[in-house]
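Just so it is clear, none of the values below were taken in a lab; they were calculated from the coordinates. Note that the coordinates shown come from a computational prediction; the quantities given were computed from them, not determined experimentally.
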Amino acid sequence: MATWKKLTPQQQAVIQQAANEAIAWQRKLAEKEDLEFWNKIKATGKMKVTTVDRRLFIEATKDVYKKLAPTVGQANIDRVRALEK
């Protein structure tokens, strides 16, 4: 933090902008790769989530969604929540 404070506001803004762009790029890439891997898993036909497993998982993680929304994005959470149905 000490080094950050030594930077000018303009330098801080440039670095922050670059960080924001990197975060957006990484999330987009992760979303694409997650979908690709998920499709590969489903294509094997060997994965089965039972009703009991889902119910317990949903109950155990229900409060996590609120905590993660600022980090992972509400759109990603909505996609996960859609799997509950």
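Observations on the model:
- Candidate lysines for bridging to residue 66, where Cα separation is under 20 Å - those fewer than 8 sequence places away on the same chain excluded: 85
- Estimated from helical segments only, the mean residue ellipticity of the chain at 222 nm is -26500 deg cm²/dmol, where each DSSP H run of four or more residues counts as -39500 (n - 2.57).
- According to the Cα-based calculation, Rg over Rh for the chain is 1.16, with Rh computed by the Kirkwood formula.
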